[in-house]
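Take a look at the structure set out below.
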Amino acid sequence: MPTMYIKSLSVSCFRNLSSLNVEFTKGVNIIVGDNGSGKTNLLEAIHVLCLGRSQRGAGDLVLLNHKCDVYRLEGRLASEKETFDLATGYQRGGRKKLTIDGLSARLSELYDHISLASAGPEDSTIIGGSPSQRRSFLDIYISQLTKSYLANLSNYQRALAQKNAALRAERDGTPFDSILVELGSLIIRERCSFLNRLSLVASQYYKQLSDGEKLTIQYQPSVSFDQKRLDLKDIAANMESRLNEVRRRETAMKTAVVGPHRDDIYFAVGGLPARSHGSQGQWRSIAIALKLAVYQLLREYREETPILLLDEVFAELDQKRAAALVEAFADFGQLFITTALSPPELLRRRGRIFKIMEGTIAADNCDA
């Protein structure tokens, strides 16, 4: 199977990475450094370059080094099918600009070229955070699986904003309902289909990481429908009916209350809600299992091995879970792993170590 990988990366004025140039190995890249050294920022730079957004949800102004007016990221990516150059730049007060092989590109074009999964401490918010954070998780990965998803989502959000503006102005918001039903039902079906597949794979990874604990994942949409049949007409009809039921409520609240913008995901461990009963270690293991499962789905669907970013994944895992996680890496392509500790010996033998300090990086050894 073809493997997507990053050959080289150049970073300028991105967080504490003032000026950095590095060449990576096609296999395991281990980034070692103290807290605050810039290792998470390096993974963030890769994520922004490849997918156009921070995995931590940070805006471009936050990503910009406070001493600079412009940040720029450049990278050469390759697979057995193609080699191409990416660049992302942002100027203070302006908009982010993306290029592929020197030509201006849209965000959706990045998803056409690249598949990438990322796991880090921020992923605990998928379990313990707000529903919007769980929806964001769905959106970024389904966009890599389904070309039409990002366009449908953008158009839905535009129509939703127009409906909410009408409701706030005490005008009739129902003229927007037909487009919201049409696009919303497509989004709901894609999300449910994705979670149906994801739950099967993630539960197996979680079982491996947790020594047998059972993980349950359920889609919680604001519209009722048969989540096994996934009939688009049924979803649309139920959404339309639900919108009619809540019309007075939406008028009173001055906001739309039905649709994929109100979706959520339910996680349970051992039959108990993970959000209220799970430990931080369980949240961390669930998040890692989710991202490893996402990686497998991307690999199968795109028929190409994606890039995988793992930020401090060993920090909150005991030795047994850490060993199980290392075992899971056997079938992966290019990995980026950050750690403040000495990496497991198996990874040291398989990879290349880079030491990062105050935003500068150097290779510590040769490829294994």
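If you go through the stretch 160-196 and keep only what is in contact with an Asp or Glu (Cβ under 8 Å, 6 or more places away or on another chain) and assigned to a helix (DSSP H, G or I), you end up with Lys163, Ala166, Leu167, Asp177, Val181, Ile188, Arg191. Annotation note: of Asn164, Asn152, the sole residue that is of a type in the set (S, T, N, Q), at pLDDT 95 or above, touching a Ser or Thr at 6+ places or on another chain (Cβ under 6 Å) and farther than 30 Å from Glu312 by Cα is Asn164.
Mind listing whichever residues of the stretch 253-275 are out of contact with any strand residue (DSSP E or B) (no Cβ under 9 Å at 6 or more places or on another chain), outside any loop (DSSP other than H, G, I, E, B) and open to solvent by less than 80 Å² (accessible area, probe 1.4 Å)? Listed by number, the residues that qualify are Pro260, His261. A residue that is under 21 Å from Arg248 (Cβ atoms), out of contact with any Leu (no Cβ under 9 Å at 6 or more places or on another chain), small (Gly, Ala, Ser) and open to solvent by less than 30 Å² (accessible area, probe 1.4 Å) cannot be found anywhere in the stretch 170-180. Within the stretch 65-86, restricting attention to residues that are open to solvent by 10 Å² or more (accessible area, probe 1.4 Å) and part of a strand (DSSP E or B), the residue that is nearest to Ile46 (Cα to Cα) is Glu74.
Count of the stretch 18-36 residues, restricted to those that are in contact with a Ser or Thr (Cβ under 9 Å, 6 or more places away or on another chain) and outside any strand (DSSP E or B), is 3. Within the stretch 204-245, being more than 30 Å from Ser178 (Cβ to Cβ) and not aliphatic (A, V, I, L, M) holds for Gln204, Tyr205, Tyr206, Lys207, Gln208, Ser210, Asp211, Gly212, Glu213, Lys214, Thr216. Taking the stretch 88-108 as the range and being closer than 23 Å to Ile142 by Cα, at pLDDT 90 or above and open to solvent by less than 60 Å² (accessible area, probe 1.4 Å) as the test, the residues that pass are Thr88, Leu98, Thr99, Ile100, Ala105.
Which of the residues that make up the stretch 230-244 are without any contact (Cβ under 8 Å) to a residue 40 or more places away in the chain and under 29 Å from the mean Cα position of the chain (by Cα)? Passing the criteria: only Asp231.
Against the test of being open to solvent by 50 Å² or more (accessible area, probe 1.4 Å), under 30 Å from Gly278 (Cβ atoms), not in a loop (DSSP other than H, G, I, E, B) and not hydroxyl-bearing (Ser, Thr, Tyr), the options Gln133, Gln144, Gln157 yield a single qualifying residue, Gln133.
Taken as a whole, the structure leaves Glu44 outside the set of residues that are at negative phi and more than 22 Å from the chain's Cα centre (by Cα). For the stretch 41-64, a residue qualifies if it is crowded, with 17+ Cβ neighbours inside 10 Å, not charged (D, E, K, R) and not in a loop (DSSP other than H, G, I, E, B), and the qualifying residues are Asn41, Leu42, Leu43, Ala45, Ile46, His47, Val48, Leu49, Cys50, Leu51, Leu63, Leu64.
Apart from one condition, Arg248 fits all of (1) over 28 Å from Gly128 (Cβ atoms); (2) open to solvent by less than 40 Å² (accessible area, probe 1.4 Å); the exception is (2).
Across the stretch 109-120, the qualifying residues are those that are of a type in the set (A, V, I, L, M, F, W, C) and not in a loop (DSSP other than H, G, I, E, B), and the one among them that is surrounded by the fewest Cβ atoms within 10 Å (Cβ to Cβ) is Leu110. Quick check on the stretch 321-336. Is at least one of its residues closer than 20 Å to Lys26 by Cβ, modelled with pLDDT of 85 or more, in contact with a strand residue (DSSP E or B) (Cβ under 7 Å, 6 or more places away or on another chain) and in a strand (DSSP E or B)? Checked against the condition, which is being closer than 20 Å to Lys26 by Cβ, modelled with pLDDT of 85 or more, in contact with a strand residue (DSSP E or B) (Cβ under 7 Å, 6 or more places away or on another chain) and in a strand (DSSP E or B), the stretch 321-336 yields at least one hit.
Do you know which of the residues in the stretch 264-283 that are in contact with a helix residue (DSSP H, G or I) (Cβ under 6 Å, 6 or more places away or on another chain) and of a type outside the set (Gly, Ala, Ser) is nearest to Lys214 (Cα to Cα)? For the stretch 264-283, the residue satisfying everything is Val269.
The values are calculated or read from the model by the stated rules, or taken from the named source; none is laboratory data. Because the structure is predicted, anything quoted here is derived from the model rather than measured. Glycine also receives a Cβ, built like all others from the backbone with ideal geometry; neighbour counts cover every protein chain displayed. When the accessible area is computed, the model is the full protein with side chains, heavy atoms only, and any ligands, DNA or RNA have been set aside. Shrake-Rupley method; radii C 1.70, N 1.55, O 1.52, S 1.80 Å.
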